[in-house]
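Structure, as structure tokens:
Every number in this text was worked out from the coordinates using simple rules, so none of it is lab data. Values in this document were obtained by computation on a predicted structure and should not be read as measured data. Please note: Cβ atoms are built from the backbone with ideal geometry, for glycine as well, and neighbour counts cover all protein chains shown.
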Ligand SMILES: Nc1ncnc2c1ncn2[C@@H]1O[C@H](COP(=O)(O)OP(=O)(O)OP(=O)(O)O)[C@@H](O)[C@H]1O
Ligand SMILES: [Mg+2]
């Protein structure tokens, strides 16, 4: 187990190194400099800024300095917000995105698993058909459409929730729902199909032959197997929700990291773009690793590579 | 003395969008305590459906449309699902063809064994349950029982898993064990071991066994009597010796000819030509008619009844009609 984790962590670090390098050179390859503004700054100011941020050093020197800082988890100063560093931004904005993302996955699981089970048990009955239509709809709608729809009905028409901004629990409801739509449909569909498959399996029949009631058969023998694919998808799904929240955060004017990411691109805030890209990569890698380990724990058949049996 | 199991005129059908599939059609047989009945027949002849009908675990879309099943003096087709769960696993237990997929992959062998005891012997404590499981594993010839209890199914070989299945099925000392092709998925040497094991256990516990197979050779030294099934019907019933030495039905002749023998050269096996009839069609002729070498005009025109062909020996074939001219 330990050997496996070590190996995966090393591969992860290598991946992040490559990603950091690519973003670094891509940023340098974009025409225009970080201090190009609609209203041009004067020459001396730019020269001073370049000197301050070591932008007049040769590129390889800048690259080494940057990578060294990244290795220390220091993503450098923001070129746009003079008084704050990229790290300050991550510390302030990431918790907001994380809370919204995490809660939306919880909502998706809490609704998706029971809905999936119900659809499987009541296959082709009314409940299943309604669920089918809804999940197909939600899976195919982009989340900004869901977000706008929620805002229009819940805030504008019914006036039961505040339309935007951040701070009260009520303000969190719509963003969470908007982000939960996709994972919810995904979990429901996945739960249904894996439940149907498992209910048809030989070992579930064995359970019945042993004298298990339908209840035990469904919730003990079938469920524990049927939920495995959901666990597998959990990490990537969570990472996807975190990194896919840009637009929803923008719509509801939530001060999350996704919002900041979009802004930093318009602002040509190189360190911010690079810092956030690397941060997101780390998140993704960590989630996938955690998922794999969790999987190995609940599914006894999975032996982690390099693990002695 | 009353019989342990009496199946009377059992018919089980599947209702599909194409129509009614008569998987089991008017089947009757009985079984004494400690007796071993083999059900043989080609794939699709209704052997498994017969077994699942007794267990009342018929797959979706299927149900018993006619007939009675008396078990231990009780008509079990009339029981509620809840009453049936008390019989399954305790009075009648079942093992299946593919031991690789029949155990739940996410529970340990110990969990799965103890489960039947928890279900049917609620009064047993944890230690007692474990003790019984250990004894049973020992009985079915699994070494290191203590270790095995903690293992997951994927850590065991196919033969071992089938032994575990047998152990599970015998934990509650059932009166009847139904074994649906228990050896088909196993290597030939393991097959013989499993059959020997079943035979030993049967003698020890006096369990009646219904053993389903499509290979008459496998059951030769365990079965007392045989039902030959074809197209959802029993076409011949006989004691095992009679069936081997004095088979009546042309279909049974075919089955016996299809068996490999030691004195045979390679490629000498003779499968029965043709295929089983479509169970969706209403049949008013002998179902074996179009594959039978001996078919006569009357076979095409109407279905034969059962005729006695010897002691405890009946066959559903016009050749045994009292008016059929006996060969000299
Ligand atoms: N779930 C089902 N739905 C519809 N028809 C079924 C179903 N299960 C079985 N049947 C029908 O019942 C017939 C008998 O099936 P059964 O499983 O009893 O055959 P079998 O004798 O056990 O064959 P095998 O040796 O392949 O196990 C099949 O030909 C099939 O047409
Ligand atoms: Mg079968």
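At a Förster distance of 51 Å, what's the computed FRET efficiency of residue B:86 paired with residue B:290, Cβ-Cβ distance as r, to 0.05? The partial results should precede the final answer.
Values: r = 45 Å, r/R0 = 0.89.
After rounding, the FRET efficiency stands at 0.65.
In plain terms, the residue of B:43, A:119 with the fewest other Cβ atoms within 10 Å comes first and the most crowded comes last, giving B:43, A:119.
Across peptide B:97-106, how many C-beta atoms of other chains are within 10 Å of each residue C-beta, on average?
The shielding value for this peptide is 5.
Label-to-label distance, residue B:15 versus residue B:157, with points set 7 angstrom from Cα along the beta-carbon direction: 4.8 nm. With the simple spin-label model, which puts each label point 7 Å out from Cα in the Cβ direction, the residue A:43 to residue B:128 separation comes to 9.9 nm. Taking the centroid of alpha carbons for each part, the range B:216-239 and the range A:177-223 are 38 Å apart. Extension gain, residue A:84-residue A:125: 0.36 nm per intervening residue step, less the Cα-Cα distance, totals 9.0 nm.
Shielding by partners for peptide B:152-164, expressed as the average number of C-beta atoms from other protein chains within 10 Å of each residue's C-beta, is 1. Applying 0.36 nm per residue to the separation of residue B:8 and residue B:300 and subtracting their alpha-carbon distance, the gain on full extension is 102.4 nm.
The length gained on full extension between residue A:5 and residue A:102, counted as 0.36 nm times the residue separation minus their Cα-Cα distance, comes to 32.5 nm. Working ranking of peptides B:94-101, B:150-157, B:194-201 by packing, defined as the average number of other Cβ atoms within 10 Å per residue, highest first, is B:94-101, B:194-201, B:150-157.
In plain terms, if you count all Cα to Cα distances in the protein assembly as shown and split them into 20 Å steps from zero, the share in each step is 15, 35, 25, 17, 7, 1, 0 percent. Helix A:126-140 axis versus longest C-alpha principal axis of chain A: approximately 20°, rounded to the nearest ten. Between the alpha-carbon centres of the range B:40-105 and the range B:149-199 there is a gap of 18 Å. Mean separation of Cα pairs under 8 Å and 6 or more residues apart, divided by the residue count, gives the range A:94-266 a relative contact order of 34 percent.
Could you work out the mean count of beta carbons from other protein chains within 10 Å of each residue's beta carbon in A:197-207?
Details: counts 0, 1, 1, 2, 4, 9, 10, 2, 8, 13, 9.
Averaged over the peptide's residues, the number is 5.
Taking the C-alpha atoms only, the angle from helix B:188-205 to the longest principal axis of chain B is near 80 degrees. Take every pair of alpha-carbon atoms less than 8 Å apart whose residues are at least six positions apart; their mean separation over the length of the range B:1-114 yields a relative contact order of 29 percent. What angle do you read, to the nearest 10 degrees and between 0 and 90, between the alpha-carbon axis of helix B:158-170 and the longest principal axis of chain B? Long axis of B:158-170 versus the principal axis of chain B: about 80 degrees.
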